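Peer 1: Mind looking over this structure? Questions follow.
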């Protein structure tokens with residue numbers, strides 16, 4: 001049976017040493033504090049400095065681990081759950097940033113390092129454990145009202161309760177199809193079906209990140225293109241001041257989000273002379289809250305607040321007010337463009353056309369109503385339409401409709417990949433990297449399903 005080591009904090013050790021120096025019995029202090037006599041003597045005589053543990057040195061110094069701890073506490077206090085996967089990726093990022101040769105396989109710590117780190121920081125360990133049930137909680141009126149109460153308390157501590165709407169922001173991403181589904185057409189019974197033939201792939205879409213404040217001012221959006229290197233013609237086609245991002249599959253990643261915050265949003269805040277700090281409400285499921293992003297926001301007075309998970313249909317202004325209206329405008333613009341051009345809609349056409357669709361919307365009215373309806377400006381839990389959480393059953397019994405619990409995408413991805421043939425998985429990965437699927441048509445649906453799980457997982461952290 002191995003030796004059982006008791007834990008004590010540096011504060012407890014310092015108190016015990018103070019008692020020793022005051023002349024109290026070392027044996028008595030050892031029994032009352034649980035700190036071994038040999039340890040007390042070694043620390044008292046200076047053989048081992050306080051804060052220095054026995055055993056091999058840790059990969060990160062005490063100061064460097066404090067950076068990770070500060071990041072985790074910063075996000076936890078603002079409602080962002082930090083998973084163990086996020087922790088490991090961000091430790092890998094920090095080692096890379098420090099220019100240090102990584103001792104870890106594939107550049108990421110393993111389970112044993114993670115367990116040791118959490119033992120060294122029990123307050124962090126408990127917070128990770130608490131994040132899981134919160135992120136999976138069903139949405140009820142009581143839970144949402146409690147969320148509003150917690151956010152209000154946090155904003156009051158930061159003196160951000162009664163600030164102007166121009167300083168309150170919401171950001172989210174949405175996909176826009178280059179070939180949106182055609183509208184239904186009424187025909188006489190028996191007539192042939194009417195088809196709208198286009199030259200675009202019906203599944204091709206581009207991701208766009210939007211940022212707007214409660215006054216209805218739209219910060220420059222960012223379009224994410226599925227390229228390793230964006231062609232000059234595509235980058236030049238994007239409206240001036242808009243952001244241009246890229247990833248292998250065209251999805252928003254932690255890296256592209258950081259680039260947007262540092263290269264587009266923060267300079268825009270400065271150019272617009274918007275007073276700091278500002279509040280930024282972000283999807284509570286967001287996996288973009290990496291160490292560099294959190295540090296950047298802290299340094300530039302951008303106060304991040306996580307929206308309650310599974311409730312963005314009620315408390316996310318962009319979802320509630322803008323996206324449906326904008327996509328309707330986008331569909332109309334696509335229709336008019338096709339009538340005038342009679343050719344395939346290219347990626348070079350996307351940015352200018354989306355700009356036209358946005359200009360067709362009365363943003364100040366739409367977004368001010370959206371923030372008000374979501375209770376974010378003015379800040380009020382009473383503004384929400386809680387009846388949307390309720391639904392009548394066929395038996396006319398009122399039951400609670402809960403959002404689907406957040407799935408552990410990482411575990412689902414591992415399970416999925418372990419149950420398909422390796423050569424098929426290799427084909428999927430190559431197709432995902434190149435953007436071109438050349439496999440069997442009967443596997444196409446499976447490929448799209450695998451891509452969806454991949455997107456939901458935390459694998460985008462390896463971009464940092």
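Peer 1: Of (1) in contact (Cβ under 8 Å) with a residue 24 or more places away in the chain; (2) under 15 Å from residue 172 (Cβ atoms); (3) over 16 Å from the mean Cα position of the chain (by Cα), residue 276 satisfies all except one. Which?
Peer 2: So the condition that residue 276 fails would be (2).
Peer 1: Quick test of your reading of the structure: residue 346 fulfils all but one of (1) crowded, with 19+ Cβ neighbours inside 10 Å; (2) closer than 22 Å to residue 244 by Cα. Name the failing condition by number.
Peer 2: It is condition (1) that residue 346 fails.
Peer 1: Looking at 220, 309, which one is surrounded by 16 or more Cβ atoms within 10 Å (Cβ to Cβ), modelled with pLDDT under 95 and in a loop (DSSP other than H, G, I, E, B)?
Peer 2: 309
Peer 1: Considering (1) assigned to a helix (DSSP H, G or I); (2) at pLDDT 95 or above; (3) out of contact with any strand residue (DSSP E or B) (no Cβ under 6 Å at 6 or more places or on another chain); (4) within 30 Å of residue 238 (Cα to Cα), say which one residue 361 fails and leave the rest.
Peer 2: Condition not satisfied by residue 361: (1).
Peer 1: Then there is this: What is the number of the single condition among (1) at pLDDT below 90; (2) assigned to a helix (DSSP H, G or I); (3) surrounded by 15 or more Cβ atoms within 10 Å (Cβ to Cβ) that residue 143 does not meet?
Peer 2: So residue 143 meets the others, but not (1).
Peer 1: Within segment 228-241, track down each residue that is in contact with a strand residue (DSSP E or B) (Cβ under 8 Å, 6 or more places away or on another chain) and surrounded by 16 or more Cβ atoms within 10 Å (Cβ to Cβ).
Peer 2: Of everything in segment 228-241, those that are in contact with a strand residue (DSSP E or B) (Cβ under 8 Å, 6 or more places away or on another chain) and surrounded by 16 or more Cβ atoms within 10 Å (Cβ to Cβ) turn out to be 230, 234, 235, 238.
Peer 1: Now for a separate question. Collect the residues in segment 284-297 that are part of a loop (DSSP other than H, G, I, E, B) and touching a helix residue (DSSP H, G or I) at 6+ places or on another chain (Cβ under 6 Å), keeping them in residue-number order.
Peer 2: 287, 288, 289, 290
Peer 1: Criterion first (modelled with pLDDT of 95 or more and surrounded by fewer than 22 Cβ atoms within 10 Å (Cβ to Cβ)) does residue 315 satisfy it?
Peer 2: No; evaluated as a whole, the condition is false for this residue.
Peer 1: Then there's this: Checking the condition assigned to a helix (DSSP H, G or I), at pLDDT 75 or above and over 30 Å from residue 107 (Cβ atoms), which residue from 424, 444 passes?
Peer 2: Answer to the check: 444.
Peer 1: Any chance you could count how many residues in segment 224-263 are part of a helix (DSSP H, G or I), over 25 Å from residue 297 (Cα atoms) and touching a helix residue (DSSP H, G or I) at 6+ places or on another chain (Cβ under 6 Å)?
Peer 2: 3
The values are calculated or read from the model by the stated rules, or taken from the named source; none is laboratory data. No experiment lies behind these values; they were computed from the predicted model shown. Positions of Cβ are generated from backbone atoms using ideal geometry, with glycine treated the same way; all protein chains shown enter the neighbour counts.
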